[in-house]
Amino acid sequence: MNSWDRENLHFIMNSNHKDFEDWLYQADDEDVMYALQLIRMAKTELIEQEHDLLNEVDDVTEAKEVIDRIKLGKIS
């Protein structure tokens with residue numbers, strides 16, 4: 001997503017109700033489709049980032065041990 005698209009997405013995601021309604025009132029079908037495309041692109045980016053973060057963890061042994069201690073009430 002280029003900087004122009006990112007700025008437009010920022011407007012969509014952060015505008016107040018009145019500003020968004022004003023934009024929606026003047027928007028044509030192409031504008032709305034573009035906005036939806038930006039939201040889909042941002043969603044895809046977030047899913048990819050989540051996937052990358054989850055794949056960075058290789059060894060979860062310590063995390064499992066902590067969870068087991070919590071389940072057994074042996075928190076220290």
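Could you tell me which of TYR25, LEU9, LEU53 has its Cα farthest along the dipole of the chain towards the positive end, charges placed at Cβ (Lys, Arg +1; Asp, Glu -1), taken about the Cα centre? Result: LEU53.
Using a probe of 1.4 angstrom and keeping all protein chains present, the accessible surface of the chain works out to 90 square angstrom per residue.
In the set (i) 11.4, 31; (ii) 11.5, 34; (iii) 21.1, 61, which value of Rg and Dmax of the Cα atoms in Å was calculated from the structure you see? Correct label is (iii).
If r is the Cβ-Cβ distance from ILE70 to GLN49 and R0 is 35 Å, what FRET efficiency results, to the nearest 0.05?
Step by step, r from the Cβ atoms, then E = 0.80.
Overall, the accessible surface of the chain at a probe of 1.4 angstrom is composed of carbon and sulfur to the extent of 56 percent. Rolling a 1.4 Å probe over the protein heavy atoms leaves GLU65 with an accessible area of roughly 100 Å².
Pick from LYS43, LYS64, LYS18: which is most flexible by mean-square fluctuation in a GNM of the chain where alpha carbon atoms under 10 Å apart are linked? Per the Cα network of the chain with a 10 Å cutoff, LYS64 tops the list.
The values are calculated or read from the model by the stated rules, or taken from the named source; none is laboratory data. Quick caveat, the model's predicted, so the values are computed rather than measured. Neighbour counts are summed over all protein chains in view; Cβ atoms, including those assigned to glycine, are modelled from backbone coordinates with ideal geometry. Please note that ligands, DNA and RNA were not included when accessible areas were found on the heavy atoms of the full protein model with its side chains. Shrake-Rupley method; radii C 1.70, N 1.55, O 1.52, S 1.80 Å.
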